[in-house]
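The values are calculated or read from the model by the stated rules, or taken from the named source; none is laboratory data. If you're wondering where the values come from, they're calculated on a predicted model, not measured in any experiment. Glycine also receives a Cβ, built like all others from the backbone with ideal geometry; neighbour counts cover every protein chain displayed.
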Amino acid sequence: MSKEEIKEHQLYISSLSLLWKLWRENRGSFSEKKMWWKILFFTVISAPFRWIQLLAYRKIIQSIDFKNNAPVFVIGHWRSGTTHLHYLLSKDNQFSYLEAFQAFFFRVALVSKKSMKPLLNKLMPRTRPQDNVAIDAGAPTEEEHPLTNLTHRSSMHSFFFPKNQNYFTNYHLFETSEKSISQWKKSYKRMLQEIAFYNGSNKRLLLKNPHNTARIKILKDMFPNAKFIFIHRNPYEVYKSTEHLYKKTIKSQFLQEFNDEEISECIISCYELVMKRYLELKNSIPKGQLTEISFNELSNKPLITLERIYHELNIDGFDKIKPSFENYIQEQKDYRKNKFIELPEELKSKLKHRWGFAFKAWDYPH
């Protein structure tokens, strides 16, 4: 799939105030002005529906709290198996999760669900372009997507404005002011309240978001009883698959020029910073609130791995939901992962140097 085949943009249905902030922070560097005007158009025409939703649901949504029902967070670097794990765990109906429809129509999803969700199902591709994973309007989706339409404080904005890595530094690594962190927490919690309301607030949220991997201290501050499931994968495979992700999907969202060499360095730097930060922070999470698994474990022994997750995190109900897991695993038996050519030796040498700590931490040969 070429860059031109993905014609729509994540920033549709934002707000004028958000677009103004993003323009001010990146003015003079736009290369996709036609797309920017398209984003602006959809934001303007959606305004009445956004205001109706806000006024109709604001008070009831703000009343939702997570004190006795803290979320479960699936974390790990992109292309490490987070989606597969999220899909599996979503078969347990004690959890609720962000649907693709709500993710991409977040600011109008509550007032348009009955009319727009069936339409989206007809328009969406049957599989994701980067990995052929099945997707529809009800598929589990990561919550960083709607966050980009709610606030400029999202690290995913570095996918849209790749020359401006402040979004990544400030809102993934949180190398920013306490005031800014406090404002991020407010936006993030408000988003989770709306996700919970959409699904029925009595269920526990199951959230998958690679952008949360270096945020665990902040998330633990917000939700002291939260559980974290970290999944890792051979770093060489992560690089190959992440590069493929950029070529298939992320490049379609660029609003600035960013060449292949810059993409490669961005992938290397991001992994290096995020995984080092995770390793620094993970020991601050009490026993029983964090478990680590590998992509290979989940692929080769899915039921044993899932049972270990439930046991180590003290989550009830594994035996009850086990048949649903077995059915889903059986349905996926014919799925074939992407195959990539071997990395050039020069690049492998660079990864050994920059990512050597990760090979060592999770015992991968290099």
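Report yes if some residue within region 234-247 is under 21 Å from SER96 (Cα atoms), aliphatic (A, V, I, L, M) and buried (at least 21 other Cβ atoms within 10 Å of the Cβ); otherwise report no. No. Among the residues of region 274-319, the ones that are of a type in the set (Gly, Ala, Ser), at pLDDT below 95 and touching a Phe, Trp or Tyr at 6+ places or on another chain (Cβ under 8 Å) come to 1 in all.
Among the residues making up region 298-325, a single one is of a type in the set (D, E, K, R), over 18 Å from LYS227 (Cβ atoms) and surrounded by 14 or more Cβ atoms within 10 Å (Cβ to Cβ): LYS322.
Each row is one residue, and each column tells you yes or no for (1) under 19 Å from PHE161 (Cα atoms); (2) touching a residue at least 24 places away in the same chain (Cβ under 8 Å); (3) of a type in the set (Val, Ile, Thr).
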{"residue": "SER17", "(1), (2), (3)": "yes, no, no"}
{"residue": "GLY28", "(1), (2), (3)": "yes, no, no"}
{"residue": "ILE45", "(1), (2), (3)": "no, no, yes"}
{"residue": "PHE49", "(1), (2), (3)": "no, yes, no"}
{"residue": "TRP78", "(1), (2), (3)": "yes, yes, no"}
{"residue": "LEU98", "(1), (2), (3)": "no, yes, no"}
{"residue": "GLN102", "(1), (2), (3)": "no, yes, no"}
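For region 203-211, the condition of being within 18 Å of the chain's Cα centre (by Cα), closer than 30 Å to ILE60 by Cβ and part of a helix (DSSP H, G or I) holds for at least one residue. Please indicate, with yes or no, whether at least one residue in region 179-202 is modelled with pLDDT of 95 or more, surrounded by 20 or more Cβ atoms within 10 Å (Cβ to Cβ) and in contact with a His (Cβ under 6 Å, 6 or more places away or on another chain). No, that holds for no residue. Go through region 255-279 and give me each residue that's more than 18 Å from the chain's Cα centre (by Cα), of a type in the set (A, V, I, L, M, F, W, C) and closer than 14 Å to PRO235 by Cα. If the condition is that a residue be more than 18 Å from the chain's Cα centre (by Cα), of a type in the set (A, V, I, L, M, F, W, C) and closer than 14 Å to PRO235 by Cα, then ILE268 is the only one that fits. Test TYR246 against the criterion of being out of contact with any strand residue (DSSP E or B) (no Cβ under 9 Å at 6 or more places or on another chain) and either polar (S, T, N, Q) or modelled with pLDDT of 95 or more (or both), and give yes or no. Here the answer is no, as TYR246 does not meet what is asked.
With respect to (1) at pLDDT 95 or above; (2) of a type outside the set (Phe, Trp, Tyr); (3) assigned to a helix (DSSP H, G or I), the lone exception for LYS251 is condition (1). Residue count for region 284-304 under the criterion of being more than 18 Å from ASP363 (Cα to Cα) and outside any loop (DSSP other than H, G, I, E, B): the result is 5. Look at region 174-199: where a residue is without any contact (Cβ under 8 Å) to a residue 12 or more places away in the chain and a partner is not β-branched (Val, Ile, Thr), sitting 6+ places away or on another chain with Cβ atoms under 9 Å, you get THR176/ARG153; THR176/ASN166; THR176/ASN170; THR176/TRP184; SER177/ASN170. Looking only at region 344-366, residues that are within 20 Å of GLY76 (Cβ to Cβ) and either under 27 Å from the mean Cα position of the chain (by Cα) or in contact (Cβ under 8 Å) with a residue 40 or more places away in the chain (or both) come to 13 in all. So VAL74 passes all but one of these: (1) part of a loop (DSSP other than H, G, I, E, B); (2) closer than 30 Å to ARG308 by Cα. Which condition number does it fail? It is condition (1) that VAL74 fails. Quick one: is ASN300 among the polar types (S, T, N, Q) and over 23 Å from the mean Cα position of the chain (by Cα)? Yes; evaluated as a whole, the condition is true for this residue. Considering the conditions (1) exposed (fewer than 15 other Cβ atoms within 10 Å of the Cβ); (2) in a helix (DSSP H, G or I), ASP363 is excluded by exactly one of them, (2). Set side by side, the residues LYS38, LYS34, LYS21 differ, and just one is modelled with pLDDT of 95 or more, part of a helix (DSSP H, G or I), surrounded by fewer than 17 Cβ atoms within 10 Å (Cβ to Cβ) and of a type in the set (Lys, Arg), which is LYS21.
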